[in-house]
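Shown next, in structure tokens, is the structure this report addresses.
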Amino acid sequence: TNATHSGEVTGSGALTIADNVVDEANLKVSNSPTNGYFLAAQSGNTGGLTWQEAGGGGSWTLLNTQTVSNAATLDFESIISNTYNLYAIHIFDFNPASTNKILRLQGSENNGSSYNTSNYNYHVTKLAADNTSYASYASTSSSGYDLSDSVKSDNIENFHGLVYISSDFGAAYQPKFWHQAATKSGATNGTVIHMGAGMYNGGQSSATNAFRLVFSSGNISSGTATIYGIAKS
């Protein structure tokens, strides 16, 4: 004979889950719940489910936020997929450990086992040498896509910016970048705008699936970065 089970799962033959008993603790979710967040399908995450903030109008989806303190890099891995073909990274209050460093963005085709550091072509506009006018330049970088000119380490002339990354992330397409950023200039006692656009032109054999923020040398002293996936039109 079959035992009769009581509790949340009941029955003496086929077992059924009782009404009004399944809660968040019973679910396999990749992160901890936050008040006001929604449960969304994320195929690459633990359990295929993730608590996340609702994007504006449902088009921007918060994927990950990281705060860094005295680390060599800040990496976004295991969250890039063909769910989106446009990503945005909001970079807030970034400071290098030592002064006058360039903040760069790099991509990876193997989820962070290594990062592409060459074959970035871009055109940017930045503050000129006279500190009163702006100059444009084109460059091919062997270190990544430049997001800034020299960033100071004084927690005043820090880096704030928004970077957009466009590609078919399910295939070996070369990502395109464009950004706007600002730092405070001690020389002019004002805000320095740095903006540009470019691409990775390295002849990829597989899809880009991770991104890295890194200064030209030394650690990231402090900062926060948030990445969003923007829904396909």
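Coordinate-derived values only; no laboratory data. Treat the numbers as computed from the prediction; the structure is a model and nothing was measured. All Cβ positions, glycine included, derive from the backbone under ideal geometry; neighbour counts span all protein chains shown.
For the stretch 1-72, what relative contact order do you get, as a whole percent, if you take Cα pairs closer than 8 Å and at least 6 residues apart?
17
Given axes a ≥ b ≥ c from the Cα gyration tensor, I'd like to know whether the stretch 1-101 is rounded (a/c under 1.5), prolate (a/b larger than b/c) or oblate.
Prolate, since a/c reaches 1.5 and a/b exceeds b/c.
Which entries in Lys126/Lys152; Lys101/Lys176; Lys126/Lys232; Lys176/Lys232 show an alpha-carbon gap greater than 21 Å?
Lys101/Lys176; Lys126/Lys232
Normalised by the residues of the chain, what does the relative contact order come to in percent, with Cα pairs under 8 Å and at least six apart?
Reported relative contact order: 28 percent.
Order of 39-46, 146-153, 7-14 by packing, highest average Cβ count within 10 Å first?
146-153, 39-46, 7-14
State the label only: which of [x] 37, 20, 17; [y] 43, 20, 15; [z] 30, 22, 16 corresponds to semi-axes √(5λ) of the Cα gyration tensor in Å computed from the shown model?
Read-out taken from this structure: [y].
Considering only Gly112, Gly47, Gly170, give the residue with the highest GNM mean-square fluctuation for the chain, with springs between Cα atoms whenever their separation is below 10 Å.
Between Gly112, Gly47, Gly170, it is Gly47 that shows the largest mean-square fluctuation.
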